Each structure stands twice: as C-alpha cells, then as structure tokens.
Amino acid sequence: MYSFEQSEQLKFFLLSLGVGFTLGVLYDILRAVRLSFTRAKAAVVVFDILYFLLFGLATFLFILAINKGEIRFYLIFGEIIGAAFYYFSFGTAAIKLTDIFVKAFRRFFGTVFKILFAPFRLLFGLFKKLFLKISSFFKKTRKKSEKNRKKLLPKLKLYVYNLYGMFKKRKVSLNGGEKVMNGKKKKTKRTPVSIILTVAAVLVIGFFVVSIISQKFDNDRQSNEYNALTGELEQKLSENSELAAVVESDDEAALAEKYARENGYAYPDERLYYDATPGEQNR
C-alpha cells in the first residue's frame, strides 16, 4: 500500500476534479456529434454506453498513473464532483452552443448534400417519369389487346365451327383405290386406252434397260480384246527387237541357243529347274 501526505492527496483530488470536468466536456462533444446526424432513441443508448466505457477507461488509467492502480474513493468522488461542476456551470451554456452548432452544421451540410445530389435527383425523376410512361403504354396495349381478343373470339369460334361442319359434310378420303364422297363409294374405271399406254410405256422402258445392259457387256468384251491384242503386240515387238539384235551381231550360236532353250533343250552338264507354281512358267 502506498501512503501519501495530505498535500499530495489534495493534489490528486484536484487532478480528479479536472478529469471529471474533462469527461463532462467529452459528454457534450459526443452529444453534439450524435445530434448532428440523428436524434433516434437507439443512438442515445449507444452513445451513452460508449461514454460510460470511455469514463471507466479514463478513470482506470488515471488511478493507474497516480496510485499504481490502487483505488481511492476520494479520486472517484472528485471525478463525479468535477463532472457535476461542469454540468451546472458551463454545461447549460455548452448545451445552448451545441444546439446552435448542430443546427448550423445540419443546415450547412443539408445544403451541400442538396447541391451534390441535385443531378442524381433530376436523373431519378426523369427515369421515374420514363418508367411511368412505359408502364402506362404497356397497360394500355394490354387492355386494347384484351378488348380485341374478346371481340375476335366469338368470330373465331364461329369460323371453326363452320369449318368443322363443312369437313364433316364433305369428307373425302382414299380407301383401296376407291373414293368416298358424301358417304358414297365410287369405283374408278380404267379405259382400254390407258391400259395400252401403260403396257407400251413398260415395253419401251424395258427395251431401253436391255439395250443399256447389252451395250455395257459389248464394251467390256471389246475392252478385254483390246488389252489382249495390245499385250500380244508388245510381245511380238520385243521378240522382233531381240531377233534384230542377234542378226546385227551375226551371232548364230546365240540365236540357236535361244531357240533351243525355248523348246526345252539344255547342255549335257546343265540342270534345269522349273517353277511349278500355278500360273507361273518361268525357269
């Protein structure tokens, strides 16, 4: 425990009076801030709670600073007296000044907000008028369409009814080559001329089909003959070239050997091998 002399206790008591006085001024400041923006009862409760929290924090820090956190009731009593002295002396005048300040503040910023938001209010008014006009147009159009629908619906019902009655009276359908009209069957007759024309058309079509098929076979046969003659011609030309080369070289022995080998002859000490694969005749 800490002990202080009377002079120090008096000094601390005077300091507590100053802290209380300052807290009274702080309350009026918070009150002015609150009134500048709102006068709702909920705001009063919130700001009062905030003020008492600040009051408690200031008291704790004050006692901690001068008395190492040890509570002295005369310090708390001094804060209360200081706050009450402010309220009953300067508080009344402060409240009046605060009210004047708040009114001037609200008037000034109200004018500023009106000037700043005037273009937005103008645009909002234009959009509102445009929306109302469009809404009114659609309402009129809908009413007009409903009115026209009510007028046309009986006519449409009458038209559908008449159309249904017409089809019911004159029902026409095909059923196995017979026509049904007005509930009576009428057989279709074929004349001799139509039969003759049908047969003639079938014969002409058949003739053209047979002619086309026959022409196709002739073309294939002639193509095969052409290919065979071409191959035979190339073979003869090749043989002619070989014979011409032998004649020009005057090598009778080579010519004799060629014809001998073509007829299956060979030298006494030579063996011939033949490829027995079907379709192959090369040695």
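So here's what we get for this one:
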quantity: Inter-probe distance in nm under a simple model that places probes 7 Å from Cα toward Cβ, at Leu64 and Ser241; calculated: 12.0
quantity: Taking Thr22, Thr38 and counting other C-beta atoms within 10 Å, the order from fewest to most; calculated: Thr38, Thr22
quantity: Options Leu122, Phe105, Thr92, ranked by Cα towards positive dipole end of the range 87-148, top entry (Cβ charges); calculated: Leu122
quantity: Kirkwood Rh (inverse of mean 1/r, distinct Cα pairs), the range 192-251, angstrom; calculated: 16.0
quantity: Asp48, Asp269 arranged by Cβ crowding within 10 Å, fewest neighbours leading; calculated: Asp269, Asp48
quantity: Computed magnitude of the charge dipole of the range 192-251 (debye, nearest 20; Cβ of K, R +1, Cβ of D, E -1); calculated: 960
quantity: From phi via Karplus (6.51, -1.76, 1.60), per-residue ³J(HN,Hα) for the range 126-138 in Hz, x at Gly/Pro; calculated: 5, 5, 5, 5, 4, 4, 5, 5, 5, 4, 5, 4, 5
quantity: Distance violations [Cα-Cα > 24 Å] among Lys103/Lys128; Lys41/Lys103; Lys236/Lys258; calculated: Lys103/Lys128
quantity: For the range 6-143: relative contact order, % (alpha-carbon pairs under 8 angstrom, 6 or more apart); calculated: 37
quantity: Leading residue at positive end of dipole, the range 3-69 (Cβ point charges), from Leu14, Phe55, Val33; calculated: Val33
quantity: Where chymotrypsin sites (Phe, Trp or Tyr not before Pro) fall in DSSP loop in the range 1-86, at most 11 other Cβ within 10 Å; calculated: Tyr2
quantity: Residue order, fewest to most beta carbons within 10 Å, for Asp99, Asp218; calculated: Asp218, Asp99
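Each reported figure results from applying straightforward, stated rules to the coordinates on display, with no laboratory input. All of these numbers come straight from a predicted model, not from anything done at the bench. Every residue, glycine as well, gets a Cβ built from its backbone with ideal geometry; the counts of neighbours run over all protein chains shown.
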